[in-house]
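Okay, so here's the structure we're looking at.
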Amino acid sequence: MLAELTAATEPTLLVVTGPTAVGKTALCVRLAQELQTEIVSADSRQFFRELNIGTAKPTPEEMQGVPHHFINSHSITEEYNAGRFEQDALTLLAELFQRHRVVILTGGSGLYLHAVTEGLDELPAAPPAVREQLRAELEAHGLEPLVAELERLDPVTHARIDRQNPQRVLRALEISRATGQPFSSFHGATAAPRPFRVVKVALTREREELYQRIDQRMDQMLAAGLEAEARSLYPHRHHNALQTVGYQELFQYFEGHYDYAEAVRLLKRNSRRYAKRQLTWLRRDPRYQWFHPEEIG
């Protein structure tokens with residue numbers, strides 16, 4: 001594959017994705033060094049300057065001098081979504097392709113990768129009253145009943161989104177309730193034209209190996225100070241960027257819903273479940289070529 005990319009005669013976007021803790025960062029840095037190019041991050045949490053340990057953000061040492069774009073590019077106080085990222089990333093890619101024949105796009109956020117490579121589908125507008133009703137239900141009864149409703153109305157979306165993220169759940173239900181059609185039915189339209197070729201690579205490992213790496217990563221994050229980082233972010237817990245695995249479990253611990261040992265157990269369990277959803281999303285796209293990280297050379 002490297003030989004093919006090195007010989008590329010047209011602008012080529014190499015997409016490297018896979019579940020959390022599979023080994024994307026190390027591989028992408030090595031590939032960028034060999035291809036003499038730069039990396040564009042499509043990790044929807046690594047955009048935010050305030051989130052470090054809990055997002056497994058690459059350190060300067062891990063980057064090894066390779067330029068990484070869209071890391072620490074925004075604050076959690078800013079509203080940033082896949083639509084805005086699509087526009088910003090395409091503008092950046094137009095600039096990078098003037099210097100490089102191949103550019104690497106990487107991350108585990110399937111929607112953000114899709115936004116850059118295929119574009120986002122136009123979604124119908126939902127009445128504000130629907131959104132307000134959903135938020136009232138979330139406040140009164142919590143997330144679990146809404147997740148159950150999503151499973152009933154749209155099992156496809158239920159299987160592939162982060163179900164611990166209230167923003168994602170509410171958005172899917174908002175469209176489903178307003179239109180009477182599953183949120184997933186509005187996806188899969190014709191891909192938007194792009195002025196570059198796209199090569200898609202997905203990384204995977206045996207499940208036992210992947211889950212072991214996830215558990216080890218969580219232990220490393222906790223040892224590195226994840227609890228203290230989460231405490232510093234607790235006042236901002238309602239921001240969309242923090243409605244995610246890795247912080248929500250600790251916020252619940254801080255509020256006394258369970259003890260520290262249970263928080264650690266949930267951190268690991270929910271991270272494994274998130275990895276499973278990432279794989280479900282990626283396997284729906286037949287254009288991905290699947291590799292173990294050590295197979296690419």
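Hey, any hits in the range 209-218 for a residue that's of a type in the set (D, E), outside the structural domain of V245 (by TED's automatic domain parsing) and in contact (Cβ under 8 Å) with a residue 24 or more places away in the chain?
no
Quick one: which helices (runs of 4 or more DSSP H) sit completely within the range 171-275 and have at least 2 residues that are acidic (D, E)?
Numbers: elements: 207-224, 226-233, 248-254.
Filter on the range 171-275 gives 207-224, 226-233.
Provide a single number: the residues in the range 40-95 that are in contact with a helix residue (DSSP H, G or I) (Cβ under 6 Å, 6 or more places away or on another chain), within 24 Å of Q243 (Cβ to Cβ), free of Cβ contacts under 8 Å to residues at least 60 places away in the same chain and not aliphatic (A, V, I, L, M).
The number of residues fulfilling the criteria is 3.
Residues E4, E61, E10, E34: which one is assigned to a loop (DSSP other than H, G, I, E, B) and either acidic (D, E) or surrounded by fewer than 20 Cβ atoms within 10 Å (Cβ to Cβ) (or both)?
Answer to the check: E10.
Scan (1) outside any helix (DSSP H, G or I); (2) in contact with a His (Cβ under 6 Å, 6 or more places away or on another chain) for the single condition Q98 breaks and write down its number.
Failed condition: (2).
Kindly indicate whether D259 is in the same structural domain as C28 (by TED's automatic domain parsing) and over 25 Å from F48 (Cβ atoms).
Criteria not met by D259.
Pull up the range 49-65, narrow it to residues that are of a type in the set (A, V, I, L, M, F, W, C) and touching a Lys or Arg at 6+ places or on another chain (Cβ under 9 Å), then point me to the one that is farthest from A223 (Cα to Cα).
Kept after step one, since they are of a type in the set (A, V, I, L, M, F, W, C), are these residues of the range 49-65: 51, 53, 56, 63.
Filter again for touching a Lys or Arg at 6+ places or on another chain (Cβ under 9 Å), leaving 51, 56.
Numbers: L51: 16, A56: 13 Å.
Restricting to residues being of a type in the set (A, V, I, L, M, F, W, C) and touching a Lys or Arg at 6+ places or on another chain (Cβ under 9 Å), the top hit is L51.
What's the total number of residues in the range 64-95 that are farther than 16 Å from L31 by Cα, hydrophobic (A, V, I, L, M, F, W, C) and part of a loop (DSSP other than H, G, I, E, B)?
Summing the residues that are farther than 16 Å from L31 by Cα, hydrophobic (A, V, I, L, M, F, W, C) and part of a loop (DSSP other than H, G, I, E, B) in the range 64-95 gives 3.
Output the residues belonging to the range 235-248 that are over 19 Å from S109 (Cβ atoms) and either in contact with an Asp or Glu (Cβ under 9 Å, 6 or more places away or on another chain) or not assigned by TED's automatic domain parsing to the domain that holds K268 (or both).
Once the filter is applied, which keeps residues that are over 19 Å from S109 (Cβ atoms) and either in contact with an Asp or Glu (Cβ under 9 Å, 6 or more places away or on another chain) or not assigned by TED's automatic domain parsing to the domain that holds K268 (or both), the range 235-248 yields only H236.
Determine which member of the set R177, R168, R265 is within 17 Å of the chain's Cα centre (by Cα) and not hydrophobic (A, V, I, L, M, F, W, C). Talk me through it step by step, then tell me what you get.
Numbers: R177 fails: within 17 Å of the chain's Cα centre (by Cα); R265 fails: within 17 Å of the chain's Cα centre (by Cα).
Result of the check over R177, R168, R265: R168.
Quickly run through the range 102-136 and pick out the residues that are among the basic types (K, R) and touching an Asp or Glu at 6+ places or on another chain (Cβ under 8 Å). Give the derivation first.
Residues of the range 102-136 that are among the basic types (K, R), as a first pass: 131, 135.
The one that is among the basic types (K, R) and touching an Asp or Glu at 6+ places or on another chain (Cβ under 8 Å): R131.
State all residues of the range 136-183 that are in contact with a helix residue (DSSP H, G or I) (Cβ under 6 Å, 6 or more places away or on another chain), surrounded by fewer than 19 Cβ atoms within 10 Å (Cβ to Cβ) and in contact (Cβ under 8 Å) with a residue 40 or more places away in the chain; if no residue qualifies, say none.
A159, Q167, R177, A178
With the condition kept exactly as written, say whether any residue in the range 125-147 is in contact with a Ser or Thr (Cβ under 9 Å, 6 or more places away or on another chain) and assigned to a helix (DSSP H, G or I). Steps first, please.
As a first pass, look at the range 125-147 and keep what is in contact with a Ser or Thr (Cβ under 9 Å, 6 or more places away or on another chain): 126.
This time we only want the ones that are assigned to a helix (DSSP H, G or I), so: none.
No, that holds for no residue.
Of these, Y288, Y253, which one is free of Cβ contacts under 8 Å to residues at least 24 places away in the same chain, farther than 20 Å from Q167 by Cα and surrounded by 13 or more Cβ atoms within 10 Å (Cβ to Cβ)?
Y253
The values are calculated or read from the model by the stated rules, or taken from the named source; none is laboratory data. Worth saying up front: this structure is predicted, and the values here are computed from it rather than measured. Don't worry about glycine lacking a Cβ; one is built from the backbone with ideal geometry, like all the others, and counts go over all protein chains shown.
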